Amino acid sequence: MRAQRSKEQAARYAASLVEPGMTVGLGSGSTAELAVRALAERVRSGLRIVTVATSRRTARLARRVGLELREPEEVERIDLAIDGADEVEERSLALLKGRGGALVREKLVARLAARVVIVVDETKLVPQLGTRHPVPVEVVPFGWSWCARWLEEMGGHVVLRRREDGRPFRSDNGNVILDAWFGPIAEPQQLAEAVKRLPGVVDHGLFLDLADLVVVGSPSAVRLLSAASK
């Protein structure tokens, strides 16, 4: 209950940053969905915006609550992207994302956005990325086991992500995801570059130098971590 209230505080603050006429990137995951609902409340009160969703699930929610959706090919800019994160390195604002499987689309939207706002609760703050979660790596289905072997040669313990029925998890792009446990990552930039160079890798969940503002929610207030103060 405390964590839910914290997420709601952060999501509402992020939604309050959206201005009329903006094109807004909608992230994926439970906290990002709270921001979508908060935005819908503002739209019902007269706010006019258009949105781009980072996953099919988010798109379905956006339509259901009355937000105007555009396809990526229909927009030339994204003024503000609102998303969640699995881990935030407080010192650098580096992010670990991808537990929901939408990391490739989330990174595309974040790269295009003029400003990226991340909404989390206090439990997502870590001293180093990889402290609590593996690095998700989206790879093409062909030869995924080779990619897994190469990631293990880099020091990771790799598991193919599966659905509850045992079948491989498939991203909205039709790819599979390897969860690579490296433990606390001392040099995330080096790891990010090395993983991206592997044949078959589409992208990974290390989001470096992309967050402009991290909104950390608590049950009673929010704390702001900005890129300007890094």
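For the stretch 62-128, the square roots a ≥ b ≥ c of the C-alpha gyration tensor eigenvalues yield an a/c of 1.5 or more together with a/b exceeding b/c, which makes the shape prolate. On the basis of the beta-carbon distance and an R0 of 25 Å, residue 41 and residue 74 show a calculated FRET efficiency of 0.50. Computed from backbone phi with θ = phi - 60° and the Karplus coefficients 6.51, -1.76 and 1.60, the 3J(HN,Hα) list for the stretch 41-58 is 4, 5, 5, 5, 8, x, 5, 10, 9, 10, 9, 10, 8, 9, 7, 4, 5, 5 Hz; x is used for glycine and proline. Rounded to the nearest 0.05, the FRET efficiency derived from the C-beta distance between residue 194 and residue 140 at R0 = 22 Å is 0.75. The GNM of the chain, with springs linking C-alpha atoms under 10 angstrom apart, assigns the highest mean-square fluctuation among 118, 82, 49 to 49. Net charge dipole, the chain: roughly 660 debye, given to the nearest 20, about the Cα centre with Cβ charges of +1 for Lys and Arg and -1 for Asp and Glu.
Loop only by DSSP, 15 or fewer other Cβ within 10 Å of the Cβ. Give me the trypsin sites (Lys or Arg not before Pro) in the stretch 156-203 that pass, ordered by residue number.
Hits after loop and neighbour filter: 163, 170, 197.
Of [x] 17.2, 54; [y] 18.5, 68; [z] 19.2, 58, which one was derived for Rg and Dmax of the Cα atoms in Å from the structure shown? The value computed from this structure is option [x]. For the chain, which longest stretch is free of loop sites, where a loop site is one of the GluC sites (Glu not before Pro) that DSSP puts outside H, G, I, E and B and that has at most 10 other Cβ atoms within 10 Å? So the longest stretch without any such site is 77-163.
For residue 202, nonlocal amide neighbours, meaning residues 5 or more places apart or on other chains whose placed amide H falls under 5 Å from its own, are 138, 139, 140.
Values in this text are rule-based calculations from the coordinates and carry no lab data. As the structure is a prediction and not an experimental result, all values here were calculated from the model. All Cβ positions, glycine included, derive from the backbone under ideal geometry; neighbour counts span all protein chains shown.
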